[in-house]
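The values are calculated or read from the model by the stated rules, or taken from the named source; none is laboratory data. From a predicted model like this one, the values you see are computed outputs, not experimental measurements. Methodologically, a virtual Cβ is constructed for each residue, glycine included, from the backbone with ideal geometry; neighbour enumeration extends over all protein chains shown. Note: accessible area is taken over every heavy atom of the protein model, side chains too, but ligands, DNA and RNA are not part of it. Shrake-Rupley method; radii C 1.70, N 1.55, O 1.52, S 1.80 Å.
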Amino acid sequence: MNNEAKMSFLTQFPLFSALSPEERIELGSLMDYKVKSKYSFIYLPEDPSDMIYFLAKGTIKIGTHSSDGKEVIKSLIHPLAMFGELGLIGERNRQDFAQALKEDVHLYSLKVSDFKKMMRNNFELCSSVMNLFGSRLMRAENKLESLIFKDARTRIIEFIKDSVASRGRRVGYEMLLKHSLTHQDIANITCTSRQTVTLVLNELKKSDLIYFNRGKILVRDIAKL
């Protein structure tokens with residue numbers, strides 16, 4: 001990856017808007033560019049939490065496994081997002097795994113110690129990172145409330161609506177969501193079963209609220225969903 005492409009990426013990355021041109025150059029010199037093949041792991045539980053990652057292309061799932069071996073997906077990471085950041089607040093070894101979905105991912109890695117140094121020297125960057133942690137904590141609390149108070153069908157529908165709102169593209173009066181998820185992935189995100197996800201999606205399709213095929217969900221009318 002040449003320096004021009006790296007600087008372009010840093011300029012587009014929202015978190016780095018707090019950096020001066022000189023700081024971006026310094027950061028770029030510290031970052032390593034990597035391409036990981038589809039379904040490969042970026043890190044696994046018990047790996048050292050000494051690196052932080054910035055996603056340029058592809059989708060990453062962050063997850064764990066229950067005591068009976070069931071996969072639980074905690075979050076999905078899309079381009080221009082940071083992940084593996086818990087080392088910034090004291091995590092020594094990974095508790096979760098990070099895995100590419102069904103396409104190669106392009107990312108940058110940076111030592112936690114180097115990023116901490118930049119945060120100490122740039123209050124605005126430090127504040128942006130803390131705001132990011134706060135937003136993720138709020139999402140985690142909302143997900144916990146959803147698991148406690150909402151049924152499986154509602155959780156699946158809310159996942160579709162949230163995904164469309166954040167990453168969907170308007171096509172006339174409809175919204176198109178392109179994704180890299182299997183029905184099992186959606187089940188692992190919403191803490192349901194693959195059979196339930198398939199049943200709910202088919203019900204919504206039969207009611208003409210959505211249309212779906214591999215890698216795409218078309219929402220006919222988001223207000224009626």
Ala165 and Gln184 label points (each 7 Å along its Cα→Cβ direction) are spaced in nm at 3.0
CD proxy, 222 nm, the chain: helix-only mean residue ellipticity via -39,500 (n - 2.57) per DSSP H run with n ≥ 4, per residue, nearest 500, stands at -13500 deg cm²/dmol
Most packed first (mean Cβ within 10 Å per residue), the peptides 155-165, 20-30 order as 155-165, 20-30
Per the Kirkwood formula over distinct C-alpha pairs, the hydrodynamic radius of the chain in angstrom is 19.0
With label points set 7 Å from each Cα along the Cα-to-Cβ direction at Ser17 and Lys150, the distance between them in nm comes to 2.8
Hits in the range 1-29: amide N under 11 Å from the 7 Å Cα→Cβ extension of Asp114, namely 26-29
For the chain, averaging the sequence separation of alpha carbon pairs under 8 Å that lie six or more residues apart and dividing by its residue count, the contact order in percent is 19
In terms of the alpha carbon gyration tensor, root eigenvalues a ≥ b ≥ c, rounded if a/c is under 1.5 and otherwise prolate when a/b exceeds b/c or oblate, the range 155-225 is prolate
Site Ser207, offset 7 angstrom along Cα→Cβ, radius 19 Å on amide nitrogen, limited to the range 159-173, gives 159-165
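Could you order peptides 138-150, 103-115 by the average number of other Cβ atoms within 10 Å of their residues, highest first? If you can, show how the numbers build up before the last one.
Working: 138-150: 11.7, 103-115: 17.8.
Sorting 138-150, 103-115 by mean packing, highest first, produces 103-115, 138-150.
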Computed over the range 171-225, the relative contact order (Cα-Cα under 8 Å, seq sep at least six) in percent reads 43
Of Asp47, Asp96, Asp68, the most mobile residue in a GNM of the chain (C-alpha springs, cutoff 10 Å) is Asp68
accessible surface per residue for the chain, probe 1.4 Å, DNA/RNA/ligands not counted, whole Å² -> 56
Using alpha-carbon positions, the gyration tensor of the range 131-191 gives root eigenvalues a ≥ b ≥ c; with a/c under 1.5 called rounded, otherwise prolate if a/b exceeds b/c, else oblate, the class is oblate
Percent relative contact order for the range 53-172, counting Cα pairs under 8 Å at least six residues apart, stands at 24
